Amino acid sequence: MDAVLRARSDKAAMGGNDSEILKISNLRAEFTTFNTGGSLITTPDVADPDNVVYPNQLGFDHMESYFIGVEGNPAPNMKANVNVNILGRVAENPINEIFYENRGRTQTVDTPDGPVVIGDNNRVQVYNASYSWNEKDFELRGFYRTGHYHWGYEGDIFALYPEANYGPNLDIYNGETLGFEIDGKRSLDGLKVAIGPQLWWGANPTYLLKYSKKLLNWDITGIYHRDINTNIEYDASGKRILNQTQVRTGIIPAWPTERATVALQRKFGAFGVTLGGIWGGSPLNGSSFQMYENGIVYNDYINAKDNWGGKAKFTFSKGRFNIYTQGAIMGLVANGGADNVQTFTGWRLKDSGSGNQMNFLTGFTYNVTSNLQIAPNFLWQKPLVDAMPNGVDAPGRLRNFQDDPFVVRANRETVGGELLLTWDPTPATWMYEWNNDMVEDAKFAFSTGFVYRHLPTTMDAAIGFLANRTAFAFEKSAPAQDLWESNTRIVSKISPDLGLIANIYFGNGQGNGDSERTIYRSGGDLRMIYRKVKLTSSIKFNDWGPYDYHRDFNLTYPVQSSIDISTSVGKPSWFILPDTRIGIMGIWRSLDQYSPRYSPNAVAPNTFPPVPAISPVGFGNGSEWEIRTYIHINIGK
């Protein structure tokens, strides 16, 4: 950019030329207005200062948010950048009530002199930062809220180091990632190190060491991971003491752990072999847990045999045909991460990576023509120790991730099948690449899949969050229920000036918490770009709302719809990236007894007791809506 702050280098101080070592890398301003309304809704017409809820009222509000970035280049091989967010007014009436700037909302705090209203809370905050240093023997990269890629394609077959790119969710929940990576060179080639207080969202302060080497035509990779503090602290009631900073961003930190893995990979012509073992969870040895057998609750303890696990994967790829088979047995606390690697195509049934399970997966792809691919896939998994049953008598209870060394959640007993069809006339721009939205150049391409999961058992308890961010464990879990879903993605880049991307889905689903209700949902979204104009719209029927807590508590809306039209100074991006644009957005939802803020039986003011006289069941649907206008100005990168 043109606006540059120049500082004189040592060379310049001795009579040389000025060199650019410090500059403003980014200037961004976002101005937004919100006009809201609704019917049969708890949101008041006028904000109540004695009972602050969000949205705080129906009507008009506005918000201003500014970003300033500064980049430094103290040497040709060193670069650092920091972006700061500065708040103007923070709106309190948006119907999507959780967003990055809401940290600056007005708060009332108790003081010795009585309640005090703070209107300038947390107005300035570092938004993100990064730095890089490239030397002969290493390359160092540091990050704060800028993310990093995973090591799945570099021998991390148990996914100890997950990807930390969370898209808009990192801003919505004000999450954090912080740490640095080092890649060795020359004599240190093959060595990678990652260290930080929160390398991925929710991670404990930790470090990972990875070393890869080719030996006798085998690619061998060893990884060692240890949380810096593996001591487990408990309160007076015996519950684990949690990191409250992470809890406030909606994350329950994992139990402290120490893990090591080894992986061997090799190609034999068209065949590929991957073998690996994991040892993990040793700080949890001696921790107690409950199990349920024959109507009796038993107490048991984690021991050394629960630390071990193994995995094997075999692939064959030749001509039009590809096939894979893999399986794993993972001890109770031999936890890895979810499989980040794409095998042949974009299947959804994958290894969850958690401990306490054995699993088997297999699938194949066949190119019927150069454009059409058919790809069935199969999953079987079963926990080694089953979930505690709903309704177990005290002292029995459902295990949960907060208080117990292991749980049954993603590793729930499952028999699943999937069929994926892909039509892609331009395979050079692969349909399942992470940036396919940007690079796809086909006039018409689509993928459509159907997934069926037979789930004959329940799970252990999920963790929920109250409005004040207090975490708790649900007393029950969702019942056994077979689930199915169909997903279709359509990409059409008709010309350089016109393109569209659509996603369509339908199926059933369960809430994460204790609700027994199974929902039947459907919907879709459409993004279209024509020259400098971008349109984004969506519609959902009987689906969960936009935030995690909606699914946790099984909160749904009969209809959700939105439309966003904007124009930019240049061609808009398919991704949600900073841009200079002006636009208008509308959101409309209908509400029923399963929707938050639905209130057909509102209690009149000054009524005692403040209890509705009748149930909301049987009333017509309510509604809430929002019209948003915005101007975003972005100068820089």
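The values are calculated or read from the model by the stated rules, or taken from the named source; none is laboratory data. Quick caveat, the model's predicted, so the values are computed rather than measured. No Cβ is skipped: glycine too gets one built from the backbone with ideal geometry, and neighbour counts run over all protein chains shown. For the accessible areas, the whole protein counts, side chains as well, though only heavy atoms, and no ligand, DNA or RNA atoms are used. Shrake-Rupley method; radii C 1.70, N 1.55, O 1.52, S 1.80 Å.
Ranked highest first by the average count of other Cβ atoms within 10 Å around their residues, in what order do 319-328, 89-98 fall?
Values: 319-328: 16.4, 89-98: 19.4.
Per-residue Cβ counts within 10 Å, averaged per peptide and sorted highest first, yield 89-98, 319-328.
Which of the residue pairs Lys210/Lys350; Lys192/Lys493; Lys185/Lys305; Lys210/Lys267; Lys136/Lys214; Lys311/Lys540 have a Cα-Cα distance greater than 29 Å in the structure shown?
Numbers: Lys210/Lys350 24 Å; Lys192/Lys493 40 Å; Lys185/Lys305 38 Å; Lys210/Lys267 21 Å; Lys136/Lys214 22 Å; Lys311/Lys540 39 Å.
Long pairs (Cα-Cα over 29 Å): Lys192/Lys493; Lys185/Lys305; Lys311/Lys540.
222 nm [θ] for the chain, helices only, -39500 (n - 2.57) per DSSP H run of 4+, per residue, to 500? The partial results should precede the final answer.
Details: 5 runs with 22 residues, N = 637.
The per-residue figure over the chain is -500 deg cm²/dmol.
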- prompt: When we measure straight from the Cα of Lys23, which aspartates and glutamates land under 14 angstrom away, once same-chain ones fewer than 8 places off are left out?
  reply: Asp2, Glu71
query: Considering only DSSP beta bridges whose two residues both sit in the range 386-494, what percent are antiparallel, to the nearest 5?
result: 95
query: What size of dipole, in debye to the nearest 20, comes out for the range 399-525 about its Cα centre when the only charges are +1 on Lys and Arg C-beta atoms and -1 on Asp and Glu C-beta atoms?
result: 220
task: Please list, or write none, the aspartates and glutamates whose alpha carbon is within less than 16 Å of the alpha carbon of Lys313, excluding same-chain residues fewer than 8 places away.
output: Glu154, Asp156, Asp219, Asp339, Asp351
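Once the other residues with Cβ under 11 Å from the Cβ of Asp219 are scored (Lys, Arg +1; Asp, Glu -1), what is the net sum?
Numbers: positive: Lys213, Lys214, Arg266, Lys267; negative: Glu154.
Combined, the nearby Lys, Arg, Asp and Glu give +3.
Could the peptides 427-438, 510-521 be put in order, highest first, of the mean number of other beta-carbon atoms found within 10 Å of their residues?
Values: 427-438: 14.4, 510-521: 17.5.
My ranking of the peptides, most packed first, is 510-521, 427-438.
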- prompt: With +1 on each Lys and Arg Cβ and -1 on each Asp and Glu Cβ, how big is the dipole of the chain about its Cα centre, in debye rounded to the nearest 20?
  reply: 1920
Within the range 470-538: Cβ-based charge dipole about Cα centre, in debye rounded to nearest 20 (Lys, Arg +1; Asp, Glu -1): 600
- prompt: So how far, in whole Å, is the C-alpha centre of the range 160-218 from the one of the range 340-401?
  reply: 25
task: Determine the shape class of the range 474-614: with a ≥ b ≥ c the square roots of the Cα gyration tensor eigenvalues, call it rounded for a/c under 1.5, and otherwise prolate if a/b is greater than b/c, oblate otherwise.
output: oblate
- request: Beta carbons within 10 angstrom, averaged per residue: use that to sort the peptides 463-470, 481-488, highest first.
  value: 481-488, 463-470
query: Accessible area per residue of the chain at 1.4 Å probe, in Å²?
result: 49
task: Give the label of the value calculated from the structure for P(r) over Cα pairs in 10 Å bins from 0, in percent, choosing from (1) 3, 13, 19, 20, 19, 14, 8, 3, 1, 0; (2) 3, 14, 24, 24, 15, 7, 3, 3, 3, 2, 1, 0; (3) 3, 12, 22, 26, 23, 11, 3, 1, 0.
output: (3)
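What is the chain's relative contact order, in percent, from Cα pairs under 8 angstrom and six or more apart in sequence?
9
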